[in-house]
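The values are calculated or read from the model by the stated rules, or taken from the named source; none is laboratory data. Keep in mind that this is a model prediction, so the values were computed, not measured. All Cβ positions, glycine included, derive from the backbone under ideal geometry; neighbour counts span all protein chains shown.
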Amino acid sequence: MSINFPLLLVLAVAICGALALADLLFFAPRRRSAIARYESGATGEADPQVLEKLNKEPLLIEYGKSFFPVLAIVLVLRSFLVEPFQIPSGSMIPTLEVGDFILVNKFAYGIRLPVADTKVIEVSDPKRGDVMVFRYPSDPNINYIKRVVGLPGDVVRYTSDKRLYVNDQLVAQTLVGEEPGSLGSAMLYQERLGEAEHLIRKEMSRYRVEAERQWAVPAGHYFMMGDNRDNSNDSRYWQSVSGEPEMAGMVPDRNIVGKAFAVWMSWGEPKLSSLPSFSRVGLIH
């Protein structure tokens, strides 16, 4: 079962805020009034223990007031500024490895209300080559991370020999190395998408050959691909949620979470026998 963490966070802030407000308007005045009555009726010096008891906040109120500012700050940071994620799969190898902890800029593509995800302030649109986090169209409770390949209005084509075309222009790729693959060898290429230069990975096995396909990107949508081209569940394979064939594989603007911009830690196997690594810390290209 998926947990809607943004919704839980908003509810927690609302509940703690309501408790803090209730104390401000109702419980705190009652405590002050009780203390005033006690002090006015006391024949001698007021007992400190009695004063402490009369001024003591109910436990629920105490917890609510303590957690409210912390949760409110987390909500603002997570909803409008920066949100952390961990990479769960190898679909973005070699750019991102399994276990990388990344930071995502939440305002790069516009300010959105938490939970409702309604854009209230325009900032900029995704650019070709950006590494973007978004909610999976078939299950918005799951976050995906891929690279923006097709913008609204683009025509994307991927051939049987693993060549990528955008608007009939071949995307430039330069071979830079070779490494072991899942079914033989894998080749690493330097690719240029828009202004972004980055590495991609292709399996060279003949079992990876697929038929040539082409997609037209509708307005308000984006075509996404993983840098690990033969091991990525991306726009090339997704079905249309609405049942409209032209929407198959497309990520709508409303599903955008933000732009991934940095790796701040790596921990492939989070357990006591292994330690986090900071060797991969840096900006994401």
Residue match in region 220-229 (condition: modelled with pLDDT under 95 and exposed (fewer than 14 other Cβ atoms within 10 Å of the Cβ)): yes
Residue within region 244-251 that is in a helix (DSSP H, G or I), touching a His at 6+ places or on another chain (Cβ under 8 Å) and either within 30 Å of ILE121 (Cβ to Cβ) or of a type in the set (A, V, I, L, M) (or both) present: yes
Residue that is modelled with the highest pLDDT, among those in region 151-186 that are surrounded by fewer than 12 Cβ atoms within 10 Å (Cβ to Cβ) and small (Gly, Ala, Ser): GLY153
Cross-chain or 6+ apart pairs with Cβ under 6 Å, region 168-192 first and free of Cβ contacts under 8 Å to residues at least 40 places away in the same chain and over 29 Å from ASP154 (Cβ atoms), then in a strand (DSSP E or B) and among the hydroxyl-bearing types (Ser, Thr, Tyr): GLU178/SER185
Any hit, region 105-122, residues being at pLDDT below 95, crowded, with 18+ Cβ neighbours inside 10 Å and among the aliphatic types (A, V, I, L, M): yes
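Answer yes or no as to whether LEU275 is without any contact (Cβ under 8 Å) to a residue 12 or more places away in the chain and out of contact with any helix residue (DSSP H, G or I) (no Cβ under 7 Å at 6 or more places or on another chain).
Yes: the conditions hold for LEU275.
Do you know which of the residues in region 187-219 that are in a loop (DSSP other than H, G, I, E, B) and over 26 Å from the mean Cα position of the chain (by Cα) is modelled with the highest pLDDT? Reasoning before the result, please.
Restricting attention to region 187-219, the residues satisfying the condition of being in a loop (DSSP other than H, G, I, E, B) are 194-195, 204-205, 209-212, 217-219.
Within this subset, residues satisfying the condition of being over 26 Å from the mean Cα position of the chain (by Cα) are 204-205, 209-212.
Details: MET204: 80, SER205: 71, VAL209: 63, GLU210: 76, ALA211: 83, GLU212: 91.
If we take residues in region 187-219 being in a loop (DSSP other than H, G, I, E, B) and over 26 Å from the mean Cα position of the chain (by Cα), then GLU212 is modelled with the highest pLDDT.
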Of the criteria (1) free of Cβ contacts under 8 Å to residues at least 24 places away in the same chain; (2) assigned to a loop (DSSP other than H, G, I, E, B), which one SER235 fails: (1)
Any chance GLY99 is at pLDDT 90 or above and in the same structural domain as GLY153 (by TED's automatic domain parsing): yes
